[in-house]
1. Determine the share of region 25-162's accessible area contributed by carbon and sulfur atoms, expressed in whole percent, with a 1.4 angstrom probe.
2. Please state the relative contact order of the chain as a whole percent: Cα pairs under 8 Å, 6+ residues apart?
3. Counting only protein chains, not ligands or nucleic acids, how are 370, 180, 4 ordered by accessible area (probe 1.4 Å), most first?
4. Which Rg and Dmax, in Å, describe the Cα atoms of region 113-166?
5. State the answer as a single residue: which of 216, 105, 68 lies farthest towards the positive end of the charge dipole of the chain, with beta carbon charges of +1 for Lys and Arg and -1 for Asp and Glu, about the Cα centre.
6. Could you list which residues have their amide H under 5 Å from that of residue 181, counting only those 5 or more apart in sequence or on another chain, with H placed in the peptide plane?
7. Give me the percent of accessible area attributable to carbon and sulfur for region 225-298, probe 1.4 angstrom.
8. Please figure out what share of the DSSP beta bridges in the chain is antiparallel and state it in percent, rounded to the nearest 5.
Amino acid sequence: MDYTPHTPEEIAAMLEKVGARSLEDLYRHLPAEILNPPIALPEAQPEWAVLERLRALQAKNRPAHKAFLGGGIRSHHVPPVVQALAQRGEFLTAYTPYQPEVSQGVLQATFEYQTMMAELAGLEVANASLYDGASALAEGVLLALRETGRMGVVVSQGVHPEYRQVLRTYLEAVGAELKTVPLEGGRTPVFPVGEEVGAVVAQNPNFLGALEEMAPLAEAAHRAGALFVAVADPLSLALLKPPGAYGADIAVGDGQSLGLPMGFGGPHFGYLATKKAFVRQVPGRLVSETVDAEGRRGFILTLQAREQYIRRAKAKSNITTNAQLTALMGAMYLAALGPEGLKEVALKGVAQAHRLRALLLEIPGVEPFTPEPFFNEFALRLPKDPLWVRKALAERGFHGATPVPPEYGAGFALFAATELHGEEDLLAFRETLAEVLR
């Protein structure tokens, strides 16, 4: 049936109230090209024909199962148990668990997620997830500004450029000032921090894949009275020192590496962990463990710091849907692998990435850029335009060579390898890239 939310009488009353003679008069200030744009729709077709057309379009997609793409999103194995559990109705259709008496399953799973993310980050508290790594960084920095009462932010150029774009958008809205510290030799130098700075941000491994010395950066931030925000790939924390151990006050990042498909860039989830002292500044929600009136273990939403629950003036963010399902997929992945399994996945990826780099450097004209050591990703200088190389590889059935933004220099591309890549995959990719670069 037709969707008619307003009766003619209601529309007439609204027009009279705003002083418009008709709906056309109400929208007369809009350009004609967007008010009534021409829509070239094809002739109606039967359902089976539409489905055939959609299948033909779908067949044009090139699977990225063995992708060598870098840039923060990588091709990892997603255990079938993760997909099976995530498709259960209790998780797939669950919304905000307002009523704990009927939401214990989702609340307990979220509590387990928070616990595991806090352990990975080496910090005391983790929230119930955010949209992605970029929004998690922005919320983490706003947390630091609220806590310090300062409006200056210094961020390393080693932080993902798209994260920095999102951060800049958030900070412009609150009138905060953002400064970027250039990399030196592919890594972040220790720099002086002014007394106006409330947050210092660095990423490890950084956008180019290199490992950073984070402790000196945290110390510089603390000497100036600022908080240190670490952006960290959660998979890397199976091998590297956790943010809490080198002095980070806040840890954020994207959870795609924890058992989520690449998915054309999403949906993924963002994590945010911090110290217990800052718990009342945490955006989103926190699930906590408690007992009921009879002493039985239970779970409940403890802190809900958005304006849906409290006065706008006291809200910490306007974060809404919190990527609950994808965050729970991350928890399922962590539970399925355990600490040793996660470490094995990380070690295999590091080994294969270093092997791939050595093979690609055998190609004439290819030069190193990311300094060693690095994690799963590295940048190389190519003798041809990286975007052209990316497209040429795709035509040959390979996804690789993510172009690096020009702020880092010309001709650079990111590559990645994971536990999915065997020796035959690495050799085939080298031969194909060599062919493209001839």
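The values are calculated or read from the model by the stated rules, or taken from the named source; none is laboratory data. Since the structure is predicted, the reported quantities are computational estimates derived from the model, not experimental observations. Cβ coordinates were reconstructed from backbone atoms using ideal geometry, including for glycine residues, and neighbour counts include every protein chain displayed. Note: accessible area is taken over every heavy atom of the protein model, side chains too, but ligands, DNA and RNA are not part of it. Shrake-Rupley method; radii C 1.70, N 1.55, O 1.52, S 1.80 Å.
1. Of the solvent-accessible surface of region 25-162, carbon and sulfur hold 57 percent.
2. This gives 19 percent for the chain.
3. 4, 180, 370
4. In Å, with Rg to one decimal and Dmax whole: 12.5, 32.
5. The residue sitting farthest along the positive end of the dipole is 216.
6. 155, 156, 157
7. Ligands and nucleic acids excluded, carbon and sulfur give 54 percent.
8. Within the chain, antiparallel bridges account for around 55 percent of the total.
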